[in-house]
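Asks: Here it is: the structure, laid out below.
The values are calculated or read from the model by the stated rules, or taken from the named source; none is laboratory data. Just so it is clear, the structure is predicted and the values come from calculations on it, not from any experiment. Note: ideal-geometry Cβ built from the backbone for every residue, glycine included; neighbour counts use all protein chains shown. When the accessible area is computed, the model is the full protein with side chains, heavy atoms only, and any ligands, DNA or RNA have been set aside. Shrake-Rupley method; radii C 1.70, N 1.55, O 1.52, S 1.80 Å.
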Amino acid sequence: MNHAILIFECGFAFCCLRSGAGQASEPLRHAQFDFWQTSDGLPNHNVVSFAQTGDGYLWIGTIGASNSLVRFNGKEFLAPIKLAGGQGDQGAFVSSGKDARLWVFSRSLQQGGLLLWEHGTATAIKLDLPLTPEWTIPLYEDARGNLWIGGQGLLVRTPGGRIKDFRSVTKQYGLNRCIVADKRGTIWLATDNGLVRCRDDVFDQPYSITNTLLTVYPSRDGSLWVGGREGTGIIQLTPANEVIRYSEPQGFTSAAVAAICEDRNSNIWIGTYSGLCYVKDRRVYPVQESGLKTAYIFCLLCDREGSLWVGTADGLYRVRENPFEYYGATDGLGPVNTVYAGPSGLWAAVYVRGLFVYRENAWEHTGLADKLSVDNLVEFPAGELWMAVDHRCYRFREGKMEKIDRIQGDMRLCSDSQGVWIITATDLFHSTSGGDAQRIDHWPEMEITAVTTNAVGELLIGTTQGVSRWAGQLRPWLQFGTDFPGSRANSLEWEGDSVWVASEASIGRFHAGQWRVILPSAGLAETGGINNVLVDRENLWLGCLKGLFRISRAQVDEYWRGAISQVSVVRYDRTQGVFPGFFGSGAWGQGSARDVKGKLWFASKNGLVAINTTVPINTSGPPVVLESVRFNQQPVPSLPEPTEAPLHVPAGTRSVEISYAALTFITPEKVRFKYRLLGLDPDWVRVEQSTIAHFARLAPGEYEFQVAACNSDGVWNEEGARVRFVQEPFFYQTHRFIVWSRVVALIAFLGLAAGSAAVANRISTRKMRQRLALVEAQQSLDRERARIARDIHDDLGSTLTRIVMLTELGQREPEQTHTPDGHLMAIQTAAREITRRLDEIVWLVNPRHDSLEGLVAYVGRMATDHARAAGVRCRLDFPPKLPDWPLSGHARHSLYLACKEAVHNAIQHASPTELRLRLVVKDEHLELEVADNGTGLPEKLNDQAGDGLQNLRERLVALGGVCRIRTAPRQGTGVTFCVPRRSSALPMSTRQGT
């Protein structure tokens, strides 16, 4: 919603009554006007009827729109009832009844034009209505639930649906334009032929009023207020049968009266075709047209929060009494150095503009200290001013300004019933009535930050260390520290026998010999720093670096009792008519004052803000409603009452979405919410502006959604709204399925227990067989090693035979013996090959090398030799200390051959410049990596390369491990062999026998 807020300096006000006092207070200077038009969501700018139902919604009827009826929740206009609307005289008329019922008349409705909205459901009422040539007919539900229907005649529909037809009886009175009931239940009709009364189904005209009437309204004092077409004026019929007419001599000069309304302060508001006015002390006062952009008024309504709603030809307006009054540049003010309430009135010292005094709801320049900066002032006695100006003390009396030379420096002033006190950093002066200022001896040097006095002459001095008391002798009273955080006393406030002290961080109260403190952790930190505090009977008002704040005294008492750990610190801003963002005086001035009428005044850098404590804040928590509940984005047709059966959420529902609203129309954008889902949320979830709660994939069970709201004045409606629902389970989540599952599990357990003895016996036999298999496997492994040793001897035979043949060739072909590639070189190469292979075979079969250390040392030597022969750098990244980890001969053999093949492939095919071997030993496995910085593997491998990689994987699979290969073009290749410890420690024959 985008609506403007206008603050007008009007000559009118609500003329409110003090609560319980019975006497009228002075008019407020400021009233707040809000307005909404089609750009804000209204279907049309012609607002012709209002009704507020019991749940708190405001229903608005318009004419000439595509949908002539909307519901307002403070933020948006919604159309739960679809009306066709139309042109000309098409529109909607609404009237509220009991239990949040709403009656709607519209010519666009079918079956007679009457509709009942109740519990979220619209029901058409088929009825032969007494239609009129005009666009609407009046509706009224009395205390018994009877619906009175006017127009061209009169019908009464009882709660049971029975119809009483009075058309023949009331025909003589012409059109019935308005129907109301007074305090005694008597029905009154405003008709074309005057005011008509109905008692016990008998109609008469007790007053000689025969003009064409448009409206009649019963006020709480028992009077009837009547208005009609031009010439009728306003007529008040008192309980004493006195007829009071308001016309031009009484200030009423408007045209026809269309609507009359009484607000909660018993003010009578009159809506006419030429503007808005109100009645006070038997006179009529118009509202200036700057407040309303149009003069043509259709209807009036006072809601439960005390606001006046005005339906006009130019949209929807709301007029609200505002406790805040702002005085700034338009009043001639600027940055206020000090504000002071004296015997002659309220004084304000404005930076380089001199002194101003408040008279008759306006600020006047006194001409004193013009173009000077008055830092502080007091008035004592009446008409005599003491001022601190540019570090000098001045006294104004009998029209003359006197400079007191011996008082200099930064100073603070205050007064009591005996005289004036002037305190500087080094001196204390006191002046009794009319006398000169006398210096008090033995005053210590200190930095003064605040000063005040009480009726008995006791002086309180705030400093950067705390607070001291002076009554002939200076005594420290309060020291800042852990129990009272702060670095300077900014504000001192007497309240009877109690004293309130505020530092920039904390607020304390001394009462009945005891200090109690509100700590920064209780919520004061959000103020940004406290400059001034004023208290009334119900609240603490704080002028702070971040604006104007309020704390309820009831909450303060709860905090000090330990019932709560946080106080609600409510901030007021421009949406409530408080425009300055910084509150505080000049360096040496007073930042707040209380005038004789009880108004609280706060100085700021932009002027002054006054708080009229006779205007109550919004003390009622806002009504909370649930607007919709959706399962999988599908709305639930109707919501049950909390005492009714819960909603049932089908099994498999992915989301539950609940939309809620707080029906307050006073700064609804500052409403805060908290909600919880009992059965899921352990505590409340606090949200600011969100009005939708979303829950996904709830477990089966019963839930209750609860939501509460807080209005802009920090008042919570803890009752809020709630809805219960049950998340249905799938069949396998039902209680029956779970019970049967447990029964089956129990039977299975008993079956397993019955066979456990036989199974244990079989397991014991198997273990014995496994031990025998291990012995046999070890013997088989020893035989295998002996066989390998024999094979070694046979394998070297072919190489030795080749050497013999090369020797014979050398004898026959001596010329080929000593060439670089001759027979002698071939014999040398074959001999080295025999030596290498013999060393390798001996290492493989020797059980002394069945360890991780033996494998690592040999693999490292093998890789280094191959790399050196190929002219490639070789880096070995092995742990300096290896664990005592045994390796089976089979595992050692397989890992060596795999590493050898990986090294060979890297050197032969990848063209690397560097080869790197890395070993990582973990608790349950080892990782051995062979990596190069060569060309990497191609995307498509030939058959031979593919077979080689497959052989590597198969070797590792045989050990119970894995082979991982990573490669990228021109980024090298890495082959990692990962072998579990248990598999590598067992002989091959043991694995095969398990």
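Asks: So if I take the centroid of the Cα atoms in region 185-231 and the same for region 527-599, what is the distance between those two points in Å?
Replies: One Cα centre to the other: 49 Å.
Asks: Under 4 °C and 1.567 mPa s, how fast does region 836-980 diffuse according to Stokes-Einstein, given a Kirkwood radius computed over C-alpha pairs? Answer in µm²/s, whole number.
Replies: 84
Asks: Need one number: nm distance between label points at Asp165 and Asn454, each 7 Å from Cα along Cα→Cβ, rounded to one decimal.
Replies: My value for the distance between the label points is 8.0 nm.
Asks: If you compute Kirkwood radius over Cα pairs in Å for the structure shown, which of (1) 31.7; (2) 29.9; (3) 38.4 do you land on?
Replies: Of the labelled values, this structure produces (3).
Asks: Can I ask one more? In the chain, with Lys and Arg counted as +1 and Asp and Glu as -1 at Cβ, which of these residues, Val723, Gly332, Ser247, has the Cα nearest the positive end of the dipole, that is, farthest along it?
Replies: Of the listed residues, the answer is Val723.
Asks: Provide the FRET efficiency to the nearest 0.05 for the Trp515-Val243 pair, computing r from the beta carbons and using R0 = 51 Å.
Replies: Given R0 = 51 Å and the Cβ-Cβ separation, E is 0.20.
Asks: Let me ask something else about it. How large is the convex hull of the C-alpha atoms of region 257-341 per residue, in Å³?
Replies: That works out to 148 Å³ per residue.
Asks: Debye sum, Cα scatterers, region 31-322, no solvent: what log₁₀ I/I(0) at q = 0.06, 0.09, 0.15, 0.16 1/Å?
Replies: Log10 of I(q)/I(0), two decimals: -0.17, -0.40, -1.21, -1.39.
Asks: Of Lys767/Lys881; Lys98/Lys164; Lys280/Lys597, which pairs sit farther than 26 Å apart, going by alpha carbon to alpha carbon?
Replies: Where the Cα-Cα span goes over 26 Å, the pairs concerned are Lys767/Lys881.
Asks: How much accessible area per residue does region 31-322 have, counting only protein heavy atoms and a probe of 1.4 Å, in square angstrom?
Replies: With the other protein chains kept in place, region 31-322 gives 39 Å² per residue.
Asks: Please compute the length gained on full extension between Gln438 and Arg184, using 0.36 nm multiplied by the number of residues separating them and subtracting their Cα-Cα distance.
Replies: 84.3 nm
Asks: Then there is this: Along the positive direction of the dipole of region 836-980 (beta-carbon charges: Lys, Arg +1; Asp, Glu -1; about the Cα centre), which of Phe878, Leu952, Pro980 reaches farthest?
Replies: Phe878
Asks: Also, I was wondering about something else. Residues of region 836-980: accessible area per residue at 1.4 Å, in Å²?
Replies: With all protein chains present, region 836-980 gives 53 Å² per residue.
Asks: At what distance in angstrom do the alpha carbon centres of region 890-918 and region 328-358 lie from each other?
Replies: Distance between centres, Cα-based: 93 Å.
Asks: Rounded to the nearest 20 debye, what is the charge dipole size of the chain about its Cα centre when +1 sits on each Lys and Arg Cβ and -1 on each Asp and Glu Cβ?
Replies: Charge dipole, the chain, about its Cα centre: 2760 debye, nearest 20.
Asks: Alpha carbons only, please: Rg and Dmax for region 624-733, in angstrom.
Replies: 14.4, 51
Asks: Also, quick follow-up: Going through region 888-924, which GluC sites (Glu not before Pro) have at most 14 other Cβ atoms within 10 Å and a DSSP loop state?
Replies: Within region 888-924, the qualifying GluC sites (Glu not before Pro) (loop, at most 14 other Cβ atoms within 10 Å) are Glu924.
Asks: What distance in nm lies between label points placed 7 Å from Cα along the C-beta direction at Ala753 and Leu772?
Replies: So the label points at Ala753 and Leu772 sit 3.5 nm apart.
Asks: Then there is this: Measure off, as a whole percent, the carbon and sulfur share of the 1.4 Å-probe accessible area of the chain, all protein chains present.
Replies: 50
Asks: A further question on this structure: Run lengths n ≥ 4 of DSSP H only: what is the helix-derived mean residue ellipticity at 222 nm for the chain, with -39500 (n - 2.57) per run over all residues, to the nearest 500?
Replies: Roughly -6000 deg cm²/dmol at 222 nm, from the helical runs in the chain.
Asks: Now for a separate question. For region 573-613, what does the relative contact order come out to in percent, with C-alpha contacts under 8 Å and a separation of six or more?
Replies: 32
Asks: Let me ask something else. With the dipole of the chain worked out from charges on the C-beta (+1 for Lys and Arg, -1 for Asp and Glu) around the Cα centre, which of Asn193, Ser506, Leu542 lies farthest toward the positive end?
Replies: Ser506
Asks: At 0.36 nm per residue, and after removing the present C-alpha to C-alpha distance, how many nm does the segment from Ala255 to Arg873 gain when stretched out fully?
Replies: 211.7 nm
Asks: Give me the percent relative contact order of the chain, please, defined on Cα pairs under 8 angstrom at least 6 residues apart.
Replies: Computed over the chain, the figure is 6 percent.
Asks: In whole Hz and in residue order, list the ³J(HN,Hα) couplings for region 334-346 that follow from phi through the Karplus curve 6.51 cos²θ - 1.76 cosθ + 1.60, θ = phi - 60°; x for Gly and Pro.
Replies: Each residue's phi maps through the Karplus curve to give x, x, 9, 6, 7, 10, 8, 9, x, x, 8, x, 9 Hz.
Asks: Just need the relative contact order of region 836-980 here, percent rounded to a whole number, with Cα pairs under 8 Å and 6+ apart.
Replies: 22
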